Amino acid sequence: MRPYDLIRKKRDGAELTAEELAFLVDGFVRGEVADYQVSAWLMAVYFRGMTDRETAELTLAMARSGRMLDLSGIPGVKVDKHSSGGVGDKTSLVLVPLVASCGVPVPKMSGRGLGHTGGTLDKLESIPGLRTEVDVDAFLDQVRRVGCAIVGQTADLVPADKKLYALRDVTATVDSVPLIASSIMSKKIAGGADAIVLDVKTGSGAFLKDVEGARALARAMVAIGNRLGRQTVALITDMDQPLGHAVGNALEVREAVATLRGEGPGDLTELCLALGAEMLRLGGRVRDEDEGRRLLLERLRDGGGLRKFQEMVRAQGGDPAVAEEPDRLPSAPVTVEVHCPEEGYVQAMDAEAVGRAAMVLGAGRARKDDRIDPSVGLVVLAKTGTRVSRGDVLALVHARTREEAEAAVPGVLQAYRIGATAPRPRPLVYGRVV
Ligand code: URA
C-alpha cells in the first residue's frame, strides 16, 4: 500500500477500506506517513466527504491508536455523555451525578478544550482540592464504587486524534463533518462506555451555528456509534444564548449545585431532564422518556443527585461541603452591574460574545497554557425574551479588579440586541437523532 494511491483514491471520490484507513492512521502516528501526505488526504476528505462505513472505520482506527478502556468489570450498562460545547454549559456537573444516583454508571473523560470559557474539568477544579488527573485504575475503581467520575483524558487516549487535529488546525480542514465526528467519537469509543448520549449544540455560542450543520454532525456521530456497537442517541439543542445564568468556573459550579437542589434555572434543568432521560433509557433503567424524567425529578427532590455529587467530589479529593456552603468556592473580589441602555425586549444574544467577555476576565483560555481564574465570570440575568427598562441590571461582572470589570462591560453590552418587539421563542431541543 502507498499513501499516494490512497490520496488519489479519495481525491477521485472513492471509498477507502478499513485496512487502507488503518494503514494511513497507524503510519501517521508512527511517523511513517508524512504530514504532507496526510494533509492532502484530509483535504480530499474535506471536499469528497466519507461514507458512514468509512467514517466508522476511520473512528475505529483512531480509537485503536492508543489505550482502549475495558469497563466490563463494572456491573451494568455504562453510559457516557458528550456535549459539543457552549457558553455556560455546566450540564455534565449536574447530569453525571444525577444519572448515577438513579443507578446507571457514568464514566466520563473530558478533554481540556481551548474555548471562550473553561471546560468541564476547569469548572470542577474550582472546587478546593478536587483532582481531575487520575490514572485509569483509580478512574475505573471510582466508577465501580461511586457510580460516576469526571476526569481528564489520559495521555494515551487516542494519540491519532491529537496529531490529526493539529494538522487539521493548520490545513483549514477542521470543519468537515466526518473529521469532526470521527475525532469526537474516537475518544468516546476508546473511553469504553456501552452507550453514548450526545448533546449537539446549535446557535450563536455553538461550534456549529446553524441547525442543519448540527443535524448533519449528529447523524454522522450516531451512525458511527451504532456501527461500532455502542447505542448512541443525539439531541440537537439550543446554544443561541448562555445556558442558565452563570458563565465562569466557580459561578457555574454554584449554579450546578443549585440545580441539583431543584432550584436551578429552567433551561438548564429542562436540558438535564431531556438528556438524563435518554441516558437512563439507554442504561436500561427506565422504559421511556416519561419514566426517566419522573425518576430524575424524584432524585432532584429527595437530594439523591446532590449526595451523589458530594460522593464524586469527595472521591476526587475535593471538599464536598461546597454543596451545602457554596461560599467555600472561590469568589471574585469585585462585582459590577451592567445596566440596560434602553427600553424594550432582549431580542437576541451573541452567546459567543458573552463567552469572550468571560474569557477576557480570566474564565477561559486564549492560549493552551493560559491560567484560568476560577472566581471570575458573568451572571447573565436578562436572557432572550426578557422585557427590560433603561437602567435595569442585564448582567453582573465578577472580576479581580474594578478596572477589569469596567473593561468587560462594553463587551457584555455588545452581546445584547434590544428592540421594541418580543422575539419568537426558540425551542430548547430542536430534534433527536437515533
Ligand atoms: N471537538 C473535537 O474533539 N474534535 C473536533 O474535531 C471538533 C471538536
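Brief remarks on what is shown
- Prolate/oblate/rounded call for segment 390-434, Cα gyration tensor, a/c under 1.5 rounded: oblate
- Between the C-alpha center of segment 1-41 and that of segment 62-92 there is a gap of 28 Å.
- When the pairs 108/308; 187/308; 78/368; 81/368; 10/187 are compared against a 21 Å limit on Cα-Cα distance, 187/308; 78/368; 81/368; 10/187 fall above it.
- Within the chain, helix-based [θ] at 222 nm, where runs of 4 or more DSSP H residues each add -39,500 (n - 2.57), nearest 500: -14000 deg cm²/dmol
- Highest-MSF residue in the chain out of 325, 278, 263 [GNM, Cα springs under 10 Å]: 325
- Shown for the chain is the translational diffusion coefficient from the Stokes-Einstein equation, using the Kirkwood radius over Cα pairs, a temperature of 37 °C and a viscosity of 0.692 mPa s: 147 µm²/s.
- Pairwise centroid distance, computed over Cα atoms, of segment 254-285 with segment 400-420, Å: 30
- Within the straight-line cut-off of under 24 Å between alpha carbons, the lysines reachable from residue 383 are 90, 123, 201, 209, sequence neighbours fewer than 8 places apart in one chain being disregarded.
- Percent antiparallel among DSSP beta bridges (both partners in the chain, rounded to 5): 55
- Nearest-ten-degree value, helix 136-146 long axis tilted from longest Cα axis of the chain: 50
- Helix axis angle, 35-48 relative to the chain longest principal axis, alpha carbon, degrees: 80
- Mean Cα-pair separation over length for segment 43-149, i.e. relative contact order, pairs under 8 Å, 6 or more apart, %: 26
Read-outs: derived from the displayed coordinates by stated rules, not from any lab. Computed from a prediction, not measured in an experiment: that's the story for all the values here.
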